[in-house]
């Protein structure tokens, strides 16, 4: 009877390795299908935002239009229901509802590229970030290789990420910023995670902040 690999880094059973590799390959294939659907829209009926919303890249176009408004000296929150002074440069969009710094970044894209070109560049950047996270995950020295490959395969086939790309959102970027401190915490020596003594608690709180 074969035993499963423990998290201590022992060699996993051959069946576990094959299963994990199969999950990873399947995740890659599903993700390639996601990318294809961004052009063919074959998955649109499965998502209300894609089939019943304003359209492809509508969230990104809202951010792009806010950046264009900033370049034109208009309110970044200009919309059909507020001021309505801006000349739309995008075919459709959801109204901008974020803090101003996001519009500052979008202004760069609006100044350099057309709406669709900027959207596809943004989509490509998200794919690069996803690939970076997967490389870090596969190289993390915690847990078995099989478990890490399964996690990577599940991440590649994560359907909300497809919708994120379809709409042109930036939630994934915020998740990336959270991943790095989380990974650093996971790799810490367990001896460093002991509860602080009474005289160390203020300093421990400052380190967490």
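The values are calculated or read from the model by the stated rules, or taken from the named source; none is laboratory data. Just so it is clear, the structure is predicted and the values come from calculations on it, not from any experiment. Virtual Cβ from ideal backbone geometry, glycine too; neighbours counted across all protein chains shown.
Results for (1) under 23 Å from residue 29 (Cα atoms); (2) surrounded by 11 or more Cβ atoms within 10 Å (Cβ to Cβ); (3) free of Cβ contacts under 8 Å to residues at least 24 places away in the same chain; (4) out of contact with any strand residue (DSSP E or B) (no Cβ under 7 Å at 6 or more places or on another chain), shown as yes or no for each residue.
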| residue | (1), (2), (3), (4) |
| --- | --- |
| 104 | no, yes, no, yes |
| 113 | no, yes, yes, yes |
| 116 | no, yes, no, yes |
| 129 | yes, yes, no, yes |
| 149 | yes, yes, no, yes |
| 154 | yes, yes, no, yes |
| 174 | no, no, yes, yes |
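Taking the criterion of being more than 17 Å from residue 100 (Cβ to Cβ) and surrounded by 15 or more Cβ atoms within 10 Å (Cβ to Cβ), the only residue of region 61-80 that qualifies is 61.
Return yes when residue 205 is over 20 Å from residue 59 (Cβ atoms), assigned to a helix (DSSP H, G or I) and at pLDDT 90 or above and no when it is not. In short, no. If you go through region 113-126 and pick out every residue that is in contact with a helix residue (DSSP H, G or I) (Cβ under 8 Å, 6 or more places away or on another chain) and either within 25 Å of residue 182 (Cα to Cα) or in a helix (DSSP H, G or I) (or both), you end up with 7. Determine, yes or no, whether residue 93 is modelled with pLDDT of 90 or more, within 19 Å of the chain's Cα centre (by Cα), buried (at least 19 other Cβ atoms within 10 Å of the Cβ) and within 19 Å of residue 171 (Cβ to Cβ). So residue 93 fails the test.
Among the residues of region 39-46, are any modelled with pLDDT of 95 or more, part of a helix (DSSP H, G or I) and under 29 Å from residue 117 (Cβ atoms)? Yes - at least one qualifying residue is present in region 39-46.
Taking region 133-147 as the range and being surrounded by fewer than 20 Cβ atoms within 10 Å (Cβ to Cβ) and touching a residue at least 40 places away in the same chain (Cβ under 8 Å) as the test, the residues that pass are 133, 136, 140, 141, 142, 143, 145, 147.
A quick yes/no check of all residues on (1) over 18 Å from residue 167 (Cβ atoms); (2) not in a helix (DSSP H, G or I):
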residue	(1), (2)
75	yes, yes
85	yes, yes
92	no, yes
103	no, no
106	no, no
111	yes, no
